[in-house]
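The values are calculated or read from the model by the stated rules, or taken from the named source; none is laboratory data. This structure is a prediction, so every number in the text was calculated from the model and none was measured. Here Cβ is always computed from backbone atoms with ideal geometry, including for glycine, and neighbour counts include all displayed protein chains.
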């Protein structure tokens, strides 16, 4: 399966919708909706509400996360916003400020 990639050095402002996996290495402001997985790489910045399948964060997200599966906050991740998912993991070294709703 192909991926939609927002590479380092790219800034997108607006709404991004994808039927594929989305990988964010750059900056996204607005809204992100993916039918498949969302991955925010180290150095990636998302200032948006994120909706998708599994969500993996190594960079930063400021906005709410709504996952149909799981959310993984890796070492170095920074998330400010509410998380709604069936499962969540927060690695040692990740920062999280918000509420978690696992009643999905």
Original post:
Taking residue 68 and the conditions (1) touching a residue at least 24 places away in the same chain (Cβ under 8 Å); (2) touching a strand residue (DSSP E or B) at 6+ places or on another chain (Cβ under 6 Å); (3) within 22 Å of residue 101 (Cα to Cα), which numbered condition does it fall short on, given that it satisfies the others?
Top reply: (2)
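Listed here are the residues, each with its yes/no results for (1) in contact (Cβ under 8 Å) with a residue 12 or more places away in the chain; (2) in contact with a strand residue (DSSP E or B) (Cβ under 8 Å, 6 or more places away or on another chain); (3) farther than 20 Å from residue 94 by Cα.
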| residue | (1), (2), (3) |
| --- | --- |
| 7 | yes, no, yes |
| 18 | yes, yes, yes |
| 54 | yes, yes, no |
| 58 | yes, yes, no |
Original post:
Under the condition of being surrounded by 11 or more Cβ atoms within 10 Å (Cβ to Cβ) and in a strand (DSSP E or B), which residue from segment 1-12 is modelled with the highest pLDDT?
Top reply: 12
**OP:** Mind checking which strands (runs of 3 or more DSSP E) fall wholly inside segment 23-102 and carry at least 3 residues that are more than 15 Å from residue 4 (Cα to Cα)?
**Re:** 45-52, 60-62, 65-67, 70-73, 78-80, 87-90, 95-97
**OP:** Collect the residues in segment 49-69 that are within 18 Å of residue 19 (Cβ to Cβ) and crowded, with 22+ Cβ neighbours inside 10 Å, keeping them in residue-number order.
**Re:** 50, 52, 55, 67
